[in-house]
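FYI, it's all coordinate maths here, none of it is from the lab. Model, not experiment: these values are computed from the prediction. So basically every Cβ, Gly included, is an ideal-geometry build from the backbone, and we count neighbours across all protein chains shown.
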Amino acid sequence: MKVIHNRELGLAVLIDADNANPAIVEGLLSEVAKLGVASVKRIYGDWTTPGLGKWKAVLLEHSIQPIQQFAYTSGKNATDSAMIIDAMDLLYTGDFGGFCIVSSDSDFTRLASRLRESGKVVYGFGEQKTPKPFVAACDRFIYTEVFVADVSQGESIKRRTSQELRQDTKLCNLFRQAIEAASDEDGWANLGPIGSHISNQLPEFDPRNYGYTKLSELVEAIGLFTVTRKNNLLYVKDQKPGKKN
């Protein structure tokens, strides 16, 4: 299996300025730093338009290189094409282990698939409105709402209550299936493999999407699973009737 978290992994961060909120930039780059080293940081757009003014204010501070792309024809997204061409150029240099594609645009679905076919790790970053095909084409997809703390700057994530979590059948089933897949004969499963199993099933899975910082906080909040600590590791067991005690 491809290694997803590697502090030494060289990453190319490519941002679609037309489809990303500048309010996410600090959270975005902090997240990228957890995944690897951002060797290249580029942002694409028509910088002659006033709509990108807020992005201009943060580029120098975060050492992001703006790439100018004029909109030659109305209704056609030249920015997407420029990003795709650059990504392929960077792919063939062979200097990057992974790519971070920051956009909510489904036009990057084929690019993500192509990069993965070449053995590169692909992280997608976009809003929750991002079309599912693009989300599924990435090794992992992170919704950018988790980076927005100030509602005035964009949509932020509201913490779900235990009742709301238990009513989310898909979420509960994901945990049950992961626990069953990773459990020992007594029904206990280490939390780490549980998270990995869920992420493999659902690239966009992230406890922060539900308002919780850590996976342990989320599983405890659901209230359907027993959580215990053994040798400084967290273990989880399904409380569903019929399971071993």
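Here the simple spin-label model places points 7 Å from the Cα toward Cβ, and for Glu217 and Glu26 these points are separated by 1.8 nm. As a proxy for reagent exposure, ranking Lys158, Lys54 by other Cβ atoms within 10 Å from fewest up yields Lys158, Lys54. Taking Gly36, Gly45, Gly187 as the candidate residues, the one with maximal mean-square fluctuation in a Gaussian network model of the chain, Cα springs under 10 Å, is Gly187.
For percent of Cα pairs over 33 Å apart, one of (1) 14; (2) 25; (3) 10 was computed from the structure I shared and the rest are decoys. Which label? So the calculated entry is the one marked (2). Report the residues of segment 165-205 in range of a label on Ser106: point 7 Å along Cα→C-beta, backbone N strictly under 19 Å from it. Flagged as within label range: 203-204.
Close amide H contacts of Arg140 (hydrogens built in the peptide plane, cut-off under 5 Å, sequence separation of 5 or more or a different chain): Val122, Gly124. Taking 0.36 nm per residue of separation and subtracting the current Cα-Cα distance, fully stretching the chain between Thr48 and Ser81 would add 10.1 nm. By definition, a body whose alpha carbon gyration tensor gives a ≥ b ≥ c is oblate when a/c is 1.5 or more and a/b is not larger than b/c, and segment 92-217 fits this oblate description.
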